[in-house]
Structure formats: C-alpha cells, structure tokens
C-alpha cells in the first residue's frame, strides 16, 4: 500500500479538503456531502484502507483492524445502511494498532466517546442500533462509495468541509497544485483587504453592464 511521508500528511491537512478537491479537477473525488464529521473540528489525512460491509454487519471492519497498516484511514461502504457499525470499543482497538480515522457511508454510535478520544470519524449518520458479525463482503479490496472509487493507498483528506479521495497515482501532483492554488488565494486575500472586489479579481467586470 502507498505510504506518504509525515510532512506530506501535514501539508495535506493544512491545505484541506476543499482546496485539494478544487485542485484535483476530479468531480467524483468528493464523497457525498451527507458524510460529515461526528464531532466539530475533526480532521485527518492518510492512505485509505477500503472495506465493504454487508448491511447491518460489521465483521469486515473487525477483520480490517487486524490487516490494515498503521497510519491507515478505514474507508467503509455499507451501501448506505445506517446502523451503529462503529463505537467506543472499535475506537480503542483502532487507536491501539495505529489506525488514524474512519470514513463510513453508514452509521456510528458512542459519539461522546469518539469526541473524548479525539478519533476522527466521518459518517452518514448516527444510530444506536447494533450490528451482527456474519458476513465480510471485502477487506482491503477496491470499493465504490456512490460513484467514488477507493483503492488501498489512495489519499484521504477529511475535515469540516467534507471528504475527498485522491487517487494515489496523482496525489502528490494534486498536492503541489493545491499549494499553487493556496498561494494564488493568499494574493487575492491581500488584494481584497486593499479594497479590490471579487468582480475585479475574478475577471467578471463584463457582467456589470447587465445589471
């Protein structure tokens, strides 16, 4: 699985999901907007470890905690079935083996504990309903989350704005493009503070006459 140096991970988090999404030019790199952080300020970046759960069954997650490399972020599809696939017990287990976060298109529970442990979790919903452990659809194999492909080693960027999955083949190039975009925005911010308008800076002056 692709590994990223610590300085790249920190740079990725600093740039943030929105900047890197725009820099990527890949429309389906952003997961559905309903997948949100379960506690305010949660942020994480790192290599994806994909998992596919059967609806209402978290056996695949249990197995993933034995197989995923330290530093990974579990990216889990449940086919949008919302139940309590993850909670305090799995959080403690994940932190013990070096898993850095969870992105799931299903549900989680024990939110107070997740907040207390400062474990970054991004989910579609919250549910007290538990899960069974009978079927593991796939562990570590490529998955799809509502049109977004996820492979082991893809770069996950998740924060208050949402979740972005950057293909590992071009992740480093996208990060460099993100740095360029951030530098341009810094210049724009300075010019705005000096009195220029967004209409001027974005080349929209031709539209002034239509109002």
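Throughout, read-outs are computed from the coordinates displayed, never taken from laboratory work. Worth saying up front: this structure is predicted, and the values here are computed from it rather than measured. Virtual Cβ from ideal backbone geometry, glycine too; neighbours counted across all protein chains shown.
So if R0 is 35 Å, what FRET efficiency would residue 96 and residue 6 give, r being the distance between their Cβ atoms, rounded to the nearest 0.05? Write down the numbers at each step before the final one.
On the way: r = 20 Å, r/R0 = 0.58.
Efficiency, rounded to the nearest 0.05: 0.95.
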Given R₀ = 30 Å, what would the calculated FRET efficiency be for residue 113 paired with residue 149, taking r from the Cβ atoms and rounding to 0.05? 0.45
Where labels lie 7 Å past Cα in the beta-carbon direction, separation of residue 169 and residue 194 in nm: 4.2 nm
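I need to check one value: relative contact order of the stretch 76-122, counting alpha carbon pairs closer than 8 Å and at least 6 residues apart, in percent.
Numbers: 62 pairs, mean separation 22.8, N = 47.
So the answer I get is 49 percent.
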Rounded to whole angstrom, the alpha-carbon centroid of the stretch 76-153 lies from that of the stretch 1-51 at a distance of 16 Å
Nearest-0.05 FRET efficiency for residue 133 and residue 34 at R0 = 35 Å, using Cβ-Cβ distance, is 0.85
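Contact order normalised by length for the stretch 6-169, with contacts defined as Cα pairs under 8 Å and 6 or more residues apart; what percent is it?
Relative contact order, the stretch 6-169: 34 percent.
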Fluctuation leader among 91, 197, 78 - the chain, Gaussian network, Cα springs under 10 angstrom: 197
At a 10 Å Cβ-Cβ cut-off, how would you order 90, 192, 11, fewest neighbours first? 192, 11, 90
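Would you calculate, for the chain, the mean residue ellipticity at 222 nm contributed by helices, counting each DSSP H stretch of 4 or more residues as -39,500 (n - 2.57) and dividing by all residues, to the nearest 500? Write out the running numbers ahead of the final one.
Working: 6 runs with 71 residues, N = 211.
My calculation for the chain gives -10500 deg cm²/dmol from helical runs alone.
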